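Only the coordinates and a few stated rules stand behind these numbers; no lab work does. Worth saying up front: this structure is predicted, and the values here are computed from it rather than measured.
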């Protein structure tokens with residue numbers, strides 16, 4: 001009788017592992033990517049955790065765009081998309097791998113700062129502003 005329980009438990013574990021593998025690897029993921037250009041040639045790229053439903057990804061992007069445009073009058077949206085596959089440099093940012101970028105890291109989002117002259121200053125200022133205004137942990141990761 002114990003053998004039946006053991007085989008049932010092993011079978012259930014196998015099915016659970018297969019379901020998790022499907023969700024993590026084979027189910028489509030949509031990565032929110034929003035790029036914003038500022039008047040001083042700074043470009044900010046907001047990367048968020050992936051969504052499994054395209055509409056949820058689009059809603060997340062709409063929230064990001066609304067938040068950015070509300071705080072920045074001279075911002076111009078240059079990309080607002082949900083990517084099925086991230087470009088290698090953005091994948092590296094999300095995975096925490098070394099990159100040539102300054103990155104503001106929060107609990108769920110990564111904000112890449114590209115600036116010809118002020119990337120470090122902008123990165124630190126944004127990280128401080130997020131930490132102070134939203135009471136959320138954030139930090140500036142340097143290349």
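Hey, what did the range 31-141 get for relative contact order, percent, Cα under 8 Å, at least 6 apart?
So the answer I get is 28 percent.
In Å³ and rounded to a whole number, note down the convex hull volume per residue for the Cα atoms of the range 20-112.
Hull volume normalised by residue count: 102 Å³.
Divide the volume of the convex hull of the Cα atoms of the range 98-143 by its number of residues and quote the answer in cubic angstrom per residue.
57
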